[in-house]
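Student: Dumping the structure here so I can ask a few things about it.
Values quoted throughout were computed directly from the atomic coordinates according to the rules given, and no laboratory measurement underlies them. Everything numeric in this text was worked out from a predicted model, so none of it was measured. Because the Cβ atoms are built from the backbone with ideal geometry, glycine has one as well, and the counts that use them run over all protein chains shown.
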Amino acid sequence: MKKNILIVLLVFSSNFSATKTFSQNQKVTKHENVIYGMISGMALLMDVYQPEKSNHLGIVYIIGSGFGASDYYKKIYNQVPLKDDYYLDTAYSGKWIRILNDKGYTVFVINHRFAPRFHYPDIFYDCQRAVRFIRYNANQYQIDARHIGAMGHSSGAYLSAMLGVTDTLITHPENPMDSMSSKVQAVVTLAAPFVLSEIGKNFDTLPASKYYLQIALDYIGELPEIKNNEFILSAKYAQASPISYVTADDAPIMVYYSENDPIIPPRQAVMMCKKLKEAGVPFKEIHNPDNGHEPLPDMQAVDNWFKKYLK
């Protein structure tokens, strides 16, 4: 399968900045509502958390949302953006973002378009656009443009993995930003789906299978192909699955998952790690026995991982 994806996207940035104490040990400047692209008049936004004592490494963080298709995000006009302070201050991912700031990383928390109105590849293209924007504006944020990391939870972990195993080619770029690489150089995933068609096996619970299938359907826009009464990895599901793209030149990936995850079957992480090993891609597999859909990362190990591979 080809690893290059042809796309055409757009434009630039404006923001509000304020210095606040978001982390325990650092003064952090928040650049709010930075516009990293425009789609049909709709702004794609990110918030940038820039610590005073920077290690000059940038991390894209993508919060999990079921690609925006979960009930929490289905409000039409007043939905809370993925990147909002409310979410960072109260939810699972906020802890890890603040610790990354404590350790000196500049963290880019991005919004993307939501399913089911938008599907693959558009949602993924937004994430790639964000990486291009960050790389193009690396001097402004005082980070290394050549070495950018990605971390995320659930659907955000999936998108982070995709950023590590694919790059894009924009033919006839309209501006210098479009010629930038969209690939990151190190990844940490928390409860990521890696094989989108791995649904509804005999040992999966029915409620979890139905929930996961609905999220996959909203994201892909169609059901997986069926063979011998089982869903198979083919067509658009293969094109959208990180496991399909693994080759030796991919970003090293640290994979966290829980053995009792009620949404993403843990076998998906095992399958991905096996594929990474076969391809010779550096990886680290860490499983929690009973943390459900929210595995607990060792943030010192995460720090070591990023510092090792973002050279």
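Student: For region 88-187, what is the convex hull (Cα atoms) projected area averaged across all directions, in square nanometres?
Tutor: Taking a quarter of the hull surface, the average projection is 7.2 nm².
Student: Taking 25 Å as R0, compute the FRET efficiency from the Cβ-Cβ separation of residue 53 and residue 311 and round it to 0.05.
Tutor: 0.80
Student: To the nearest 20 Debye, how big is the dipole of the chain about its Cα centre, given +1 on the beta carbon of each Lys and Arg and -1 on that of each Asp and Glu?
Tutor: Computed about the Cα centre, the dipole is about 520 debye.
Student: If you count the DSSP beta bridges with both ends in the chain, what percent of them are antiparallel, to the nearest 5? Show your work: numbers first, answer last.
Tutor: On the way: 21 of 48 bridges.
Beta bridges within the chain, antiparallel portion: roughly 45 percent.
Student: So, one more: Considering all projection directions equally, how large on average is the shadow of the alpha-carbon convex hull of region 170-278, in square nanometres? Don't jump to the answer; show the numbers that get you there.
Tutor: On the way: hull surface 34.7 nm².
The orientation-averaged projected area of the Cα hull of region 170-278 comes to 8.7 nm².
Student: Same structure again: Relative to the compact-globule scaling 2.2 N^0.38 Å, provide the ratio for the alpha-carbon radius of gyration of region 4-309. Working shown, then result.
Tutor: Working: Rg = 18.1 Å, N = 306, 2.2 N^0.38 = 19.4 Å.
Dividing the Cα Rg of region 4-309 by 2.2 N^0.38 Å gives 0.94.
Student: Given the Cα-Cα distance of residue 229 and residue 172 and 0.36 nm per residue of separation, how much length would full extension add, in nm?
Tutor: Result for the pair: 16.1 nm of gain on full extension.
Student: Here is a follow-up. Trypsin sites (Lys or Arg not before Pro) within region 156-254: which are DSSP loop residues with at most 11 other Cβ atoms inside 10 Å?
Tutor: 201
Student: How much length, in nm to one decimal, is gained on full extension between residue 210 and residue 298, taken as 0.36 nm per residue of separation minus their Cα-Cα distance?
Tutor: Between residue 210 and residue 298, full extension yields 28.6 nm more.
Student: Another one. So, by mean Cβ neighbours within 10 angstrom, what's the order for 279-290, 247-258 with the highest one leading?
Tutor: Ranked by mean Cβ neighbours within 10 Å, highest first: 247-258, 279-290.
Student: Which order, highest average first, do 136-143, 150-157, 214-221 follow once you tally other Cβ atoms within 10 Å for each residue and take the mean per peptide?
Tutor: 150-157, 214-221, 136-143
Student: Take the eigenvalues of the Cα gyration tensor for region 132-183, scale each by 5, and report the square roots as semi-axes in whole Å, largest first.
Tutor: Square roots of five times the eigenvalues give 21, 16, 8 Å.
Student: Which entries in the list 227/274; 236/284; 210/274; 103/307; 53/311 go over 21 Å, if you measure between the two C-alpha atoms of each?
Tutor: 227/274; 236/284; 210/274
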